[in-house]
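Undergrad: Quick one: structure below, then a few questions.
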Amino acid sequence: ARSTHVYAVNGIHHHSGTGDTKGIGRFMDLFEIFSGQESWHTKRLLNLAKALNDEQLDRPLKNQIHVFPWDGPDQSLRQLLDRMVQTKEAWAAALTGGSTPLMDNAPAADRTPSAMLARLEKADAAFDRVLRDVRNRGAWLDTFVDALCEPPETFTFGGMFAHVITFNAYRRMVAIDVMRGLGVKVEGVGCPMEYVESLAKAQGTMPEGVTP
C-alpha cells in the first residue's frame, strides 16, 4: 500500500509536509502574550462595565472572595475591577519609586469604570516600560527592593510578574461571571488564546492551530 490512514476520533492527522518550519525563524514571546492579554482583557471588562449603573457595580457579591490575607474580601464588581487596577498601580509604583496608591480609599470619582480605565492605562505604561527592559536583558531572576512594603521586601522581577498575572487573572474570571449574571454580554472566557487570536486577526493572519 502506498498510504495508510490511522483512525482518529477527531478526524485530524498531522502532516508536516515539506514546509515544516519548526525552530526556523519562529519565536513566541510569552511576556508579550501574558502582559498583553492581562491588559487587553482588563480594559475590555472596564469598557463593558461602563454600561452598568452604580447599584449593579456595588451590588454585594453572592460569594465574596478573600484573595490576599492583607485585604478584606472582594465585595462587589466595582471592587473586583478596582483591585485589578490597584495591583498594577502598586507594582508600577514599587518598580519606579512612586508613592503607594490609595488602594480601597480612592475617591468615588476615581472608581468609575472610565476613571479606572484611565488609571490602568497610566499604570500599565510604567509597569510595561520597566518589565520590557527586564525582558530585553533576560533579567527575570534579578531582584528589586519593594520599598512600599513594611518592612521593605526583595522580589525577583519574574516572580512579581507571575504574581500579577496569576491573581489578576483569577479576579478577571470572577468579574466575567458576575458581569454575565448582570446581563452583560462578555465575549470569550478570558483565555490568552483569545488575545493571540485578536492579534492575528488584526494582522490579517492566523497562527497554526487557531480557527477564526
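Undergrad: Quick one: pull the percent of accessible area on the range 70-212 belonging to carbon and sulfur, 1.4 Å probe, ligands and nucleic acids left out.
TA: Result for the range 70-212: 57 percent of the exposed heavy-atom area is carbon or sulfur.
Undergrad: In whole Å, what are the extents of the range 91-212 along the principal axes defined by its C-alpha atoms, from largest to smallest?
TA: Projected onto the principal axes, the Cα atoms of the range 91-212 cover 48, 40, 21 Å.
Undergrad: Moving to a separate point now. How many nm separate the modelled label positions at Trp70 and Ala147, each set 7 Å beyond the Cα in the direction of the Cβ?
TA: Reported label-point gap for Trp70 and Ala147 is 1.7 nm.
Undergrad: Which three extents, in whole angstrom, do the alpha-carbon atoms of the range 73-142 cover along their principal axes, largest first?
TA: 39, 23, 19
The values are calculated or read from the model by the stated rules, or taken from the named source; none is laboratory data. The model shown is predicted, which means the values in this text are computed figures rather than measured ones. A quick note on method: Cβ atoms are made from the backbone with ideal geometry, for glycine too, and the neighbour counts reach across all protein chains shown. Ligands, DNA and RNA are stripped out before the accessible areas are found, and what is left, the full protein with its side chains, is counted by its heavy atoms. Shrake-Rupley method; radii C 1.70, N 1.55, O 1.52, S 1.80 Å.
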